[in-house]
């Protein structure tokens, strides 16, 4: 293997000029050369090993757009650890954007809210009992603007809401992209969900409240009715007392006694 010595850069700045025993050569300054200079390539690694159709820059572009290392590895046929060499810095960039977006202020129809996106999302999901399963991610959309993806588990399914994140002063802003994101920002929508959830327990929990006035009315009506004397009165201690005879019966009884 002949050794080449770099002597400079060509006039248009797109190639490195090298010199060796066999003469002078031009080496294009492409992504592969940049990766090699930056120590992102190991010995024996070739463009074919990274995927014949994807350069390191294209791999990073796909990762930045939301692709995973596993998806790129499957697409290119390259091992995961080689894709990670290029994906690592971009994944850190995405993680940092997702972290910063939590401090952004959500934008509704009446303008930015005073609270942060993280506070709103935590409150909305806590009301539904899903706050402990929240995960944050960020990626660049087709317009090269950051999109924040918030996901949480509901049973065995996974839900997602997407916001367009614009970094700026005081945390920047986060605008909802889909209906799920808009629902998380709408307190009326969240109230509606809570009402639906409570309706499941309505027959068990609402019966005393619904029947309270009727029961009270019956009690009051019964209280206003005059008590009817029973055939045999009952005393305070539950003892039955004989019915008191009328004066006429008493007098007749006395007379009968005297006559007897």
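The values are calculated or read from the model by the stated rules, or taken from the named source; none is laboratory data. What you are looking at is a predicted structure, and each value in this text was computed from that prediction instead of being measured. Quick reminder, even Gly has a Cβ in these numbers, built from the backbone with ideal geometry, and neighbours come from all protein chains shown.
List of remarks:
- Residue in the stretch 137-146 that is touching a strand residue (DSSP E or B) at 6+ places or on another chain (Cβ under 6 Å), outside any loop (DSSP other than H, G, I, E, B), modelled with pLDDT of 95 or more and within 17 Å of residue 183 (Cβ to Cβ) present: no
- Residue count for the stretch 153-185, restricted to those that are part of a strand (DSSP E or B), farther than 11 Å from residue 112 by Cβ and either touching a residue at least 12 places away in the same chain (Cβ under 8 Å) or more than 10 Å from the chain's Cα centre (by Cα) (or both): 11.
- Selection count where residues are part of a strand (DSSP E or B) and under 23 Å from residue 58 (Cα atoms), scope the stretch 10-34: 4
- Taken together, 96, 108 contain a single residue that is surrounded by fewer than 17 Cβ atoms within 10 Å (Cβ to Cβ), at pLDDT 90 or above and under 27 Å from residue 181 (Cβ atoms), which is 96.
- Members of the stretch 170-184 found to be farther than 15 Å from residue 101 by Cα and in contact with a helix residue (DSSP H, G or I) (Cβ under 7 Å, 6 or more places away or on another chain), listed by number: 183, 184
Yes or no, residue by residue, for (1) closer than 20 Å to residue 141 by Cα; (2) touching a helix residue (DSSP H, G or I) at 6+ places or on another chain (Cβ under 9 Å); (3) modelled with pLDDT under 85; (4) in the same structural domain as residue 92 (by TED's automatic domain parsing):
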{"residue": "13", "(1), (2), (3), (4)": "no, no, yes, yes"}
{"residue": "35", "(1), (2), (3), (4)": "no, yes, yes, yes"}
{"residue": "40", "(1), (2), (3), (4)": "no, yes, yes, yes"}
{"residue": "46", "(1), (2), (3), (4)": "no, yes, yes, yes"}
{"residue": "64", "(1), (2), (3), (4)": "yes, yes, no, yes"}
{"residue": "73", "(1), (2), (3), (4)": "no, yes, no, yes"}
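- Of residues in the stretch 97-112 being out of contact with any helix residue (DSSP H, G or I) (no Cβ under 7 Å at 6 or more places or on another chain) and in contact (Cβ under 8 Å) with a residue 12 or more places away in the chain, the one nearest to residue 34 (Cα to Cα): 97
- In the stretch 139-152 there is at least one residue matching the filter, namely being within 8 Å of the chain's Cα centre (by Cα) and either under 11 Å from residue 102 (Cα atoms) or surrounded by 15 or more Cβ atoms within 10 Å (Cβ to Cβ) (or both).
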